[in-house]
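Undergrad: Attaching a single structure in C-alpha cells format; questions to follow.
The values are calculated or read from the model by the stated rules, or taken from the named source; none is laboratory data. Note that the structure is predicted; figures quoted are calculated from it, not measured. Every residue, glycine among them, receives a Cβ derived from its backbone with ideal geometry; neighbour counts consider all protein chains shown. These area figures cover heavy atoms from the full protein model, side chains too; ligands, DNA and RNA do not enter into them. Shrake-Rupley method; radii C 1.70, N 1.55, O 1.52, S 1.80 Å.
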Amino acid sequence: MSQAYTTQELMVSACSRLIKDNERVFIGVGIPLLAGVVASKIHAPNSVLIYEAGGVGAITRRLPWSISDNATTDNALVATELWRVLGDVQRGYVDVAVIGGAQIDKYGNLNTTAIIGPGKSYQQPLTRLPGSGGANDLASSAKRLLIIMRLEKRKFVEKLDYITSPGFLSGPGQREKAGLKGGGPEAVITNKCIFRFDSQTKEMYLAELFPGISVDEVKSEVGWDLKIASQIKQVAPPTQQEIEIMHKTDPLGVVLGSKSIQESQSFEDYYQTMKTSYESIVLLI
C-alpha cells in the first residue's frame, strides 16, 4: 500500500474498485475517466470504456480535456456519435455509469440544472447550472450508477431545488412506477466516505469511511438524518500501482492536482511532460 496519497487519488481508487471486469462503463472526464483507466489496467482488463461523444473502447494515451477530445478515441474499437452511445444506454447495453451533481438527496436524485434560492424562481435562479447533458439518460437507464461528489452540506440536501437525474425518486417502487429501466444508484463516492443505498428503503446510508474521517464529521455535512451501517468499513488507500497509472494519464495534475492548462510551464516543459507521458503509457497498453 502507498503511504502517501491525496484525497483525489483516494477518490479515483475507490471509484475504480467499484468497476467490474467485462463491464461496459460509461464515463466522463475528470475523476470518472481516471477511475475507468485505473480499473481497466488493473482488475478489469476486459472492461470497455464509453465516452459521451461516441468513443467506445478507447485506450487513452493522455487526459482528454472534454468528452469530444480526440483522445477519447485513442486506439478505440469504435468512433461513433453521441446519439448512438446514448441510444445504447437506453437499450440497456451499459452496465455502469459514473456521473456527478451539484445537489443530491437521500434517495440519490441529482440536481445539475439550477440552484433556485430564497425568493428566486426557475426562470431567475440564484445559480444556473450546466443542465443534464447525458446524465438523465445514464441515471434512468444504466444498470448501475456510481455518483462522485464532494461532501458538503449545501450539496447533500433534504430537498432538491430541481430533479435533473433520477435516483430512487421518492422511495421504493418509484423508479418502476416511472418506467425507468436502469437499476438506480449503487454508491456515492465523496472526498470523505462512501454511501450506499438500503435495498428495502432505497435511502442512502454511510457505509465506508476514508482513513482519519469520523462518523460525526460526515453527519455534519449531510442535510438530513443520515442512517449509519451497523458495521462501517474503512476504505483502503490507493496502491502504488494505481497512483502510478493515474499520474501517467494525468501528468500535468489537471485532475489530481488543482492545475489548469493555463497554469502549465513553458511550452517546452509541457511538450516534454506530455511526450514522457505518451511513452510511459505505451507500456500500459
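Undergrad: Spot the failing condition for GLY101; the list is (1) free of Cβ contacts under 8 Å to residues at least 40 places away in the same chain; (2) part of a loop (DSSP other than H, G, I, E, B); (3) open to solvent by 10 Å² or more (accessible area, probe 1.4 Å); (4) not charged (D, E, K, R), and only one is missed.
TA: For GLY101, the exception is condition (1).
Undergrad: Another question, if that's okay. Of everything in region 63-94 that's in contact (Cβ under 8 Å) with a residue 60 or more places away in the chain and buried (at least 19 other Cβ atoms within 10 Å of the Cβ), which residue is nearest to LEU252 (Cα to Cα)?
TA: LEU63
Undergrad: Here's something else I'd like to know. Can we say VAL25 is among the β-branched types (Val, Ile, Thr) and open to solvent by 10 Å² or more (accessible area, probe 1.4 Å)?
TA: Numbers: among the β-branched types (Val, Ile, Thr): yes; open to solvent by 10 Å² or more (accessible area, probe 1.4 Å): no.
No, not satisfied.
Quick grid of which residues meet (1) within 30 Å of LEU160 (Cα to Cα); (2) in contact with a helix residue (DSSP H, G or I) (Cβ under 7 Å, 6 or more places away or on another chain):
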residue	(1), (2)
VAL215	yes, no
ILE228	yes, yes
PRO238	no, yes
GLU244	no, no
LYS248	no, yes
PRO251	no, yes
VAL255	yes, yes
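Undergrad: Out of PRO125, PRO118, report the one residue that is part of a loop (DSSP other than H, G, I, E, B), without any contact (Cβ under 8 Å) to a residue 40 or more places away in the chain and exposed (fewer than 14 other Cβ atoms within 10 Å of the Cβ).
TA: Details: PRO125 fails: exposed (fewer than 14 other Cβ atoms within 10 Å of the Cβ).
None of the others qualify; the one that does is PRO118.
Undergrad: Does LYS159 count as basic (Lys, Arg), open to solvent by 60 Å² or more (accessible area, probe 1.4 Å) and within 28 Å of GLY117 (Cα to Cα)?
TA: Numbers: basic (Lys, Arg): yes; open to solvent by 60 Å² or more (accessible area, probe 1.4 Å): yes; within 28 Å of GLY117 (Cα to Cα): yes.
So LYS159 fits the description; yes.
Undergrad: While we're looking at this one, here's another question. How many of the residues in region 236-259 are open to solvent by less than 30 Å² (accessible area, probe 1.4 Å) and β-branched (Val, Ile, Thr)?
TA: Residues in region 236-259 being open to solvent by less than 30 Å² (accessible area, probe 1.4 Å) and β-branched (Val, Ile, Thr): 4 in total.
Undergrad: Need at least 1 residues that are more than 21 Å from LEU34 (Cα to Cα) and at pLDDT 65 or above per element, so show me which helices (runs of 4 or more DSSP H) inside region 187-285 make the cut, counting only ones lying wholly within it. Give the derivation first.
TA: Numbers: elements: 215-219, 240-249, 267-282.
Because the criterion is at least 1 residues that are more than 21 Å from LEU34 (Cα to Cα) and at pLDDT 65 or above, the helices (runs of 4 or more DSSP H) in region 187-285 that meet it are 215-219, 267-282.
Undergrad: Further question on the same structure: Is it the case that VAL48 is farther than 26 Å from LEU10 by Cβ, aliphatic (A, V, I, L, M) and open to solvent by 10 Å² or more (accessible area, probe 1.4 Å)? Step through it out loud before you land on a result.
TA: Details: farther than 26 Å from LEU10 by Cβ: no; aliphatic (A, V, I, L, M): yes; open to solvent by 10 Å² or more (accessible area, probe 1.4 Å): yes.
Considered against the rule, which asks whether it is farther than 26 Å from LEU10 by Cβ, aliphatic (A, V, I, L, M) and open to solvent by 10 Å² or more (accessible area, probe 1.4 Å), VAL48 comes out as no.
Undergrad: Which numbered condition trips up HIS43, out of (1) more than 20 Å from VAL254 (Cβ to Cβ); (2) surrounded by 16 or more Cβ atoms within 10 Å (Cβ to Cβ); (3) modelled with pLDDT of 95 or more?
TA: Among (1) more than 20 Å from VAL254 (Cβ to Cβ); (2) surrounded by 16 or more Cβ atoms within 10 Å (Cβ to Cβ); (3) modelled with pLDDT of 95 or more, the lone unmet condition for HIS43 is (2).
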